[in-house]
Amino acid sequence: MTTTAVRPATRRTALLTGTRVLLGLFGAVKLAGTAYFLFFATAEQGGEPEGLVDWSVGVWSTALAVAFLVAAARLGRDRRVLPALAAVLVVDLVFSAVKLTAYDEPEAVLFMAVDLVVIGLLALLNRRRAA
């Protein structure tokens, strides 16, 4: 009788864990930054939102941050998270484009880069799930 060793799916687990950690950190940084600029930063530091538009951008950023935190907790446990997260990442790319153009914030490019990295990781996860 021959026994065959089954190799555990460590690559997928490492990929999934790494993606979840990145999403969690990304969501936490986005949430902390949003809270800082909405409630603590002075006008000279880019804070003190004025009017409905600034507050709407703050709410938009908060919603994205919470979505990333929820996705970090749910990714790999619920098949619906992957397509929903892909849509949230596209919305975050649009959000970063608004921040870059309307608010003249070059830091938005870094957020766009993280979005694109996460989209790539999700594509890998999806490809491995289908295989």
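The values are calculated or read from the model by the stated rules, or taken from the named source; none is laboratory data. Everything numeric in this text was worked out from a predicted model, so none of it was measured. Glycine gets a Cβ as well: all are built from the backbone with ideal geometry, and neighbour counts include every protein chain shown. Heavy atoms of the whole protein, side chains included, go into the accessibility calculation; ligands, DNA and RNA do not. Shrake-Rupley method; radii C 1.70, N 1.55, O 1.52, S 1.80 Å.
Structural remarks
- Backbone amide hydrogens, once placed in the peptide plane, bring A41 within less than 5 Å of E48, excluding anything fewer than 5 places away on its chain.
- Relative contact order, percent, the stretch 38-131 [alpha-carbon distance under 8 Å, six or more residues apart]: 17
- Under 5 Å between amide hydrogens, built in the peptide plane, is the criterion, and for E105 it picks out L100 among residues at least 5 positions away or on other chains.
- Between R80 and E44, the simple label model (points 7 Å from Cα in the Cβ direction) yields a spacing of 4.9 nm.
- Whole-Hz ³J(HN,Hα) from phi, Karplus 6.51 cos²θ - 1.76 cosθ + 1.60, for the stretch 82-90, glycine and proline x: 4, x, 5, 5, 4, 5, 4, 5, 5
- The calculated 222 nm mean residue ellipticity attributable to helices in the chain amounts to -25000 deg cm²/dmol, summing -39500 (n - 2.57) over DSSP H runs of n ≥ 4 and dividing by all residues.
- The string of couplings for the stretch 73-79 from the Karplus curve (6.51, -1.76, 1.60, θ = phi - 60°) is 6, 9, 4, x, 10, 9, 4 Hz, one whole number per residue in order, with x for Gly and Pro.
- Solvent-accessible area per residue in the chain equals 64 Å², computed with a 1.4 angstrom probe and all protein chains kept.
- Cβ charges +1 (Lys, Arg) and -1 (Asp, Glu), total dipole of the chain, debye: 1480
- For the stretch 22-29, putting each phi into the Karplus relation 6.51 cos²θ - 1.76 cosθ + 1.60 with θ = phi - 60° gives couplings of 4, 4, x, 5, 4, x, 5, 5 Hz, in residue order, rounded to whole numbers and with x for Gly and Pro.
- With the charge dipole of the chain set up from +1 on Lys and Arg Cβ and -1 on Asp and Glu Cβ about the Cα centre, the Cα lying farthest toward the positive end among the listed residues G46, L124, G58 is that of L124.
- For the chain, the fraction of 1.4 Å probe accessible surface lying on carbon and sulfur atoms is 68 percent.
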